[in-house]
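S.K.: I have a structure I would like to understand better, so I am pasting it below and will then ask my questions one at a time.
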Amino acid sequence: MKEAPMARKRKAHTPHKPARLGIWLAKQKAPRWLHPLYAARQLYLTEHEIHSPRLPRALAGLRIAYVSDIHYGQLLDESRVRDLAQRLNSLDADLLILGGDYGEDGKTALEFWRIVPDLHARLAVCAVLGNHDRAEADADTLADAMYRRGVTPLVNSTLYLTLSGCRLAICATDDYNHGDPDFAAVAAQAREADFVLFAPHSPDALADAYAQSPTPFFDLALCGHTHGGQIAPLGFAPYTASEHGWRYGLRYRTGEIAENGVTVIVSNGVGATWMPLRLGAPPQYHLITLHTARRK
């Protein structure tokens, strides 16, 4: 059952800074016995096999690498950015989609695009904007930084790829909380595709996206923003960074969600905010393989 979109008031572009204690902790050693601090510095590959009845056979086997919420800055240094880039490139994916929040704020987000090694995928590398990116930085400046690194920015826009006569659309709105998302424009742009990947930074955007048409205009959504709760003992997270967390509860905390005939994947992300701690929500990046519907 679809949910009506919530009225959204654009927030001011305020910077997001780590706590002083968090900055101090990031400089300390992280032995295994200090698990939350140790866990925040790990990184795990999560693989998904997605079966969709709408996927054309020509697109079966398409491999998508996805990563979100890197948060380069005082809690995650350049050496970890380089390690992440190496891991992503080694996947040899067809598509690479970066899901936003590249830095702690707009300044470090721009710095991320200067220091990150070249990123590669067989067909395209795309990037969307997150709430931390949009603090103290405008969309055009961020998009220019991405273009200079050979990355296609997706800001209320759609990239079309034609593969064996089938049209694949990769699209995203501007950030839901700090940007100017245009859901109607993105839905219209993707209308002619045979299969649509929608990659808003935050799952809060899904209600507005579902409201654009009687059936969802996309087939697979990739989201970040929640960090899996970051601190989520036994799967319970007291806080998920969701604008509508009070309404959705833990529904969009992490993992694969099947709803409205589509699949939504919500990532725990790579970095941390406020404090470099993780519990029950390990840092992750993703490799997603698309398949046609399973035979009954």
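The values are calculated or read from the model by the stated rules, or taken from the named source; none is laboratory data. Being a predicted model, the structure only gives us computed values, none of them experimental. Here Cβ is always computed from backbone atoms with ideal geometry, including for glycine, and neighbour counts include all displayed protein chains.
S.K.: Among the candidates Gly261, Gly229, which residue alone is more than 23 Å from Val67 (Cα to Cα) and in contact (Cβ under 8 Å) with a residue 40 or more places away in the chain?
M.R.: Working: Gly229 fails: more than 23 Å from Val67 (Cα to Cα).
When all the criteria are applied, what remains is Gly261.
S.K.: Which of the strands (runs of 3 or more DSSP E) found entirely inside the range 18-131 contain at least 1 residues meeting this: modelled with pLDDT of 95 or more and buried (at least 23 other Cβ atoms within 10 Å of the Cβ)? Spell out the reasoning first.
M.R.: Details: elements: 44-52, 63-67, 95-98, 124-127.
By residue number, 63-67, 95-98, 124-127.
S.K.: If I filter the range 141-163 for residues that are crowded, with 23+ Cβ neighbours inside 10 Å and over 24 Å from Ala221 (Cβ atoms), do I get at least one hit?
M.R.: Scanning the range 141-163, I find no residue that is crowded, with 23+ Cβ neighbours inside 10 Å and over 24 Å from Ala221 (Cβ atoms), so the answer is no.
S.K.: I need a count of the residues in the range 114-159 that are more than 15 Å from the chain's Cα centre (by Cα) and farther than 21 Å from Pro181 by Cβ.
M.R.: Total satisfying the criteria: 14.
S.K.: Among the residues in the range 195-209, are any within 17 Å of Ile288 (Cβ to Cβ), of a type in the set (A, V, I, L, M), modelled with pLDDT of 95 or more and part of a loop (DSSP other than H, G, I, E, B)?
M.R.: Checked the range 195-209: at least one residue is within 17 Å of Ile288 (Cβ to Cβ), of a type in the set (A, V, I, L, M), modelled with pLDDT of 95 or more and part of a loop (DSSP other than H, G, I, E, B).
S.K.: Looking at Ala205, is it over 16 Å from the mean Cα position of the chain (by Cα) and of a type in the set (A, V, I, L, M)? Show your work before the answer.
M.R.: Working: over 16 Å from the mean Cα position of the chain (by Cα): no; of a type in the set (A, V, I, L, M): yes.
When the stated conditions are applied, Ala205 does not pass them.
S.K.: Quick one: Thr273 ticks every box in (1) part of a loop (DSSP other than H, G, I, E, B); (2) modelled with pLDDT of 95 or more; (3) among the β-branched types (Val, Ile, Thr); (4) out of contact with any Phe, Trp or Tyr (no Cβ under 8 Å at 6 or more places or on another chain) except a single one, so which number is it?
M.R.: Every listed condition holds for Thr273 apart from (2).
S.K.: Exactly one condition in (1) free of Cβ contacts under 8 Å to residues at least 40 places away in the same chain; (2) in a loop (DSSP other than H, G, I, E, B); (3) over 20 Å from Thr263 (Cα atoms) is false for Arg191; which is it?
M.R.: (3)
S.K.: Right, next: Spot the failing condition for Ala137; the list is (1) closer than 25 Å to Thr226 by Cα; (2) modelled with pLDDT of 95 or more; (3) among the aliphatic types (A, V, I, L, M); (4) assigned to a loop (DSSP other than H, G, I, E, B), and only one is missed.
M.R.: Unmet condition: (2).
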